[in-house]
Amino acid sequence: MPYIPIGHEKYDLLPFCREHGGEVFSYSPTDEIDDLLPDGETIIPFGYCSYEEYFARLEGYAVKYGTKDGKPNQLGLKIAAYIEDIRQRNVKEDWSIVQYLGKSTCGIGGFTHGRYYYWPCSIENPEYEGVIDDEEFTSYLAWGRSDNGTFDGIRFADWMIAEDPTGMAARTLSGT
């Protein structure tokens, strides 16, 4: 079951995850750490039921691969910094919540008219990164901005801000 703050429950966010389990994550690129792990190992946060489960996996990697003589090596230090980054990025109370008011779209990156979506950001970096949905193909859709008031064809006017604790959504939609 995904973590959804009590104040956000009224928005019917992450319906697939609520029904089938799983958590959504805002995360930085993982290549730098994945390149230091044995082949086949990755820190991409996909398929975890909770933040705690994911952090346990990262901490396990830090112990197994990130220490030498009981002290953190380069990988261990990178994993520790990554854990802190993930903690900062995933405070859902700081994320903006927006409602899509445009026509429902189909296919990859589709949106449903009237549905609410998370726009993640952190207090430390309140910048637009993308939209979090809980279906795999739209798990983290970051649109390219254009000069004609759209995100890759989705009009700025098609979004209504429900909650915006950092002001990130308002700045993004106003183009500032």
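Every number in this text was worked out from the coordinates using simple rules, so none of it is lab data. This is a predicted model, so every value here is computed, not measured. We place every Cβ from the backbone using ideal geometry, glycine too, and count neighbours over all the protein chains shown.
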**Message:** Expected output is a single nm value to one decimal: the length gained when fully extending between residue 35 and residue 71, i.e. 0.36 nm times separation in residues minus the C-alpha distance. What is it?
**Reply:** 10.9 nm
**Alpha-carbon centroid distance for the pair the stretch 27-54 / the stretch 66-91, whole angstrom** = 12 Å
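Just subtract the alpha-carbon distance of residue 46 and residue 80 from 0.36 nm times their residue separation and send over the number in nm, one decimal.
Details: separation 34, 0.36 × 34 = 12.24 nm, distance 1.89 nm.
So the extension gain works out to 10.4 nm.
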**Message:** If R₀ is 25 angstrom, what is the calculated FRET efficiency for the pair residue 99 and residue 18, using the beta carbon separation as r and rounding to 0.05?
**Reply:** 0.90
**Asked** Which residue fluctuates the most in the chain, going by a Gaussian network model with Cα springs under 10 Å, if the choices are 96, 104, 26?
**Response** 104
